[in-house]
1. Does region 116-185 classify as rounded, prolate or oblate by the C-alpha gyration tensor (a ≥ b ≥ c root eigenvalues; a/c under 1.5 gives rounded; else a/b over b/c gives prolate, otherwise oblate)?
2. Share of antiparallel DSSP beta bridges in the chain, in percent to the nearest 5?
3. Output the 0 to 90 degree angle, nearest 10, between the alpha-carbon long axis of helix 251-264 and the longest principal axis computed from the alpha carbons of the chain.
4. How large is the charge dipole for region 212-305, taken about the Cα centre, if only the Cβ atoms of Lys, Arg (+1) and Asp, Glu (-1) carry charge, to the nearest 20 debye?
5. S169 to D387: FRET efficiency via 1/(1 + (r/R0)^6), r the Cβ-Cβ distance, R0 22 Å, to the nearest 0.05?
6. Treating the beta-carbon of each Lys and Arg as +1 and of each Asp and Glu as -1, no other charges, what is the dipole magnitude of region 81-203 about its Cα centre, to the nearest 20 debye?
7. Over the chain, what is the relative contact order in percent, taking alpha-carbon pairs closer than 8 angstrom and at least six residues apart?
8. Could you run the Karplus curve 6.51 cos²θ - 1.76 cosθ + 1.60 with θ = phi - 60° over region 388-402 and give me ³J(HN,Hα) per residue in whole Hz, x for Gly and Pro?
Amino acid sequence: MPIDLAPLGDRAFLARFDDEDDARRWADAVRARKPAGAVDVVLAYRSAAVIADPDLGDLDALEAALRAVSPGDAPADPGSLHEIPVLYDGPDLADAAARLGMSPGELVARHSAPEYRVFAIGFLPGFPYAGYLPDALRGLPRRESPRTTVPAGSVAIVGRQTAIYPTASPGGWHLLGRTPLQIASPRAGDFPIRAGDRVRFRPIDRDEGPMTVPHPIDVNADLGEGAPHDEALLDLVTSASISCGAHAGDPETIRRALGAARARGVVVGAHPGYPDREGFGRRDRDMTAAEVESMIRDQCADLRRLADEEGVAIRFLKPHGALYNQAQRRDETARGVIAAAVALGLPLLGQPGTPLESAARAAGVAFIAEGFPDRLYRLDGSLAPRDDPDAVLAAEDLPANVRALLAQRRVDTLCIHGDHPEALANARRLRAILDALAIPVRAFSPIATES
């Protein structure tokens, strides 16, 4: 069957199809063949645009090659499946349910039951148009008065489609709820959800909590850095990462934090960072693995001398700031951090699902998975960068973020940033959230090697 193919400007071709599946299968086949001159394939519902570069291939030859491709010429790519946790508390939930002739609970159940296909990305960078809604949820027109601002993470429906707003923007769709995940980071050019992928929504139930059987969680804070609330925070946490004095803090501040932690029975770990006091240890450095290992071991030796004076045992290792973030994504830094953990005989705190976790476990280092209730997460589980204006969550967003972190059962400890102006208030909010969910708060049991 001939392909309906036409030029799209002078550096692209547009193919049109009778249904969405044929468009997706044809796009998959073009990607698999990699014809000369084609640099990208952009899928959108029943069409696919092939972006071309005439310096990489003759455009007439590329057009002929594209016409020779048929849907099904290559195995269909099922697309990545993205599970999106949703707190269904949207401002339009009740009204949409009434207009569809059902209860809000039934709307939530029907909306979260299917697996949706992402047909296109558009309107906003990273905005996934997904569908199609179950028949019972179809037919709502756009709102008569669009909102001037729809919050990032809002989950919405209109017509027979559903979508997630990746960033705050105007919008006329009906808002059913919101996800604590950051599904796109336009500044970083990071768009994990692509056309052809699949999306499934998972409700976060406010009343039942994130899990059937409460799983104990540790609460930790980074202390000894000179912030004013160390002792008050130690009344609310069960473990503390104490600065080694390179990125912040001084011997007296560190001693006070160590002594206060001992008095309260709080588990103590070492918190080494780049020796960059002006930047609070949050500026990247290009160091070899050997340099990173030596730096960490030297800083931990300084902390251990002070800890010995206070009668405190150092039980784990948690890098600070840029050292922490680079270790999650940069192999050279990770190798230095892991080598230091092995030499010191300490378990390592870090983000779950990262190469650092895999490498630590492969080296026999116990890994304690950490979550951040006050930080925005991207869809792939990484933290939104600090220069993102939404990187630190507002107080009202903490409950949904905590529920999502606990629902995944991927974290052993939740961190409060001790240097944040709202640190003490956030710690109190976190404990209140955990109390409301009947989640026991208990220090993890650090061990040096995996069993």
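Nothing in this text is a laboratory measurement; each read-out follows from the coordinates by a stated rule. Keep in mind it's a predicted model, so treat the numbers as computed, not measured. A quick note on method: Cβ atoms are made from the backbone with ideal geometry, for glycine too, and the neighbour counts reach across all protein chains shown.
1. Cα axes put region 116-185 in the oblate bin.
2. In the chain, DSSP labels about 55 percent of beta bridges as antiparallel.
3. Helix 251-264 and the main axis of the chain meet at about 90 degrees.
4. 300
5. For S169 and D387, the calculated efficiency is 0.65.
6. 200
7. In percent, rounded to a whole number, it is 13.
8. With coefficients 6.51, -1.76 and 1.60, one gets 6, x, 9, 4, 9, 6, 6, 4, 5, 8, 4, x, 5, 5, 5 Hz.
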